[in-house]
Amino acid sequence: MSATSGWKVLMEGVYSEGGLPTDIADRVTASFPHHFNVGLSQRSTKAIAELDKDLLDALRARGFKVNSGIQGTGFGFLVWSRAGGYYLDTGASQLIADGKIKLKAGSSIESFTETGLKFEDGSELSADVVIFATGCVLVKGQDFKLLVLISSFATD
């Protein structure tokens, strides 16, 4: 989700200028029972996805794997249950959608080359920077998945 759309759906009128006093807003947002919050979060997630539809479609077209969270509840339940597994866009997603930041999914890295990376599927990708976004290893002992973002700032 984009921070702009997420803020509009989740926080506008609560944590915003002219909204509730902060201490009251904190109590309101923390007072919902878990099971009640599931339905609210699912509806909010759908509303945010609709606002971000063009961006999400463009990301999918570039191979970016998106999801709607646990039971379609967005990032909130991922925060509480895993302390990770979500991405809140503040601008980089548009760079990915525009092809200015490249990514590669579906094949592991075989080796680094002088100009970038070679993958197990035989493909190669030139890269100025390689970023390993590995996430968080949980105390529960769950394995983490490796997400490789490959950034190439080529001028077209």
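The values are calculated or read from the model by the stated rules, or taken from the named source; none is laboratory data. Bear in mind the structure is a predicted one, so any value in this text is a computation, not a measurement. For neighbour counting, all protein chains shown are included, and Cβ atoms are generated from backbone atoms with ideal geometry for every residue, glycine included. Side chains are part of the model used for accessible areas, which takes the heavy atoms of the whole protein and leaves out ligands, DNA and RNA. Shrake-Rupley method; radii C 1.70, N 1.55, O 1.52, S 1.80 Å.
Along region 102-119 the Karplus relation, 6.51 cos²θ - 1.76 cosθ + 1.60 evaluated at θ = phi - 60°, assigns HN-Hα couplings of 9, 9, 9, 10, x, 8, 7, 6, 8, 6, 8, 10, 5, 10, x, 9, 10, 9 Hz to successive residues, with x for each Gly and Pro. Residue 68 exposes around 60 Å² of accessible area when a 1.4 Å probe is run over every protein chain in place.
Holding the Cα-Cα limit at 23 Å, pick out from 53/102; 46/104; 53/118; 46/100 the pairs that are longer than that. Don't skip to the end; give the middle numbers.
On the way: 53/102 20 Å; 46/104 27 Å; 53/118 33 Å; 46/100 28 Å.
From the list (53/102; 46/104; 53/118; 46/100), the Cα-Cα distance tops 23 Å for 46/104; 53/118; 46/100.
Taking a point 7 Å out from the Cα of residue 14 in the direction of its Cβ, the residues of region 62-89 whose backbone N falls within less than 15 Å of it are 73-80.
Taking amide hydrogens as placed 1.01 Å from N in the peptide plane, the amide H of residue 89 sits under 5 Å from those of 2, 3, each at least 5 positions away in sequence or on another chain. Only protein heavy atoms count here; on that basis, with a 1.4 Å probe, residue 29 has an accessible area of about 70 Å². For region 83-99 versus region 41-80, the inter-centroid distance based on Cα atoms is 11 Å.
Taking the mean number of other Cβ atoms within 10 Å as a proxy for protection, how do you rank 108-119, 34-45, 74-85 from highest to lowest?
Working: 108-119: 13.1, 34-45: 14.7, 74-85: 16.7.
Ranking the peptides 108-119, 34-45, 74-85 by packing returns 74-85, 34-45, 108-119.
The calculated FRET efficiency for the pair residue 60 and residue 24, based on their C-beta separation and a Förster distance of 35 Å, comes to about 0.35.
Can you pull the percent of region 27-96's accessible area that's carbon plus sulfur, 1.4 Å probe, other chains left in place?
Within region 27-96, the accessible surface is 59 percent carbon and sulfur.
Given a Förster distance of 35 angstrom, what is the FRET efficiency for residue 71 paired with residue 115, based on the Cβ-Cβ distance and rounded to 0.05? So, using R0 = 35 Å, E works out to roughly 0.20.
Simple rule: put +1 on each Lys or Arg Cβ and -1 on each Asp or Glu Cβ in region 46-111, find the dipole, and look at 74, 91, 108; the Cα lying farthest toward the positive end is 108.
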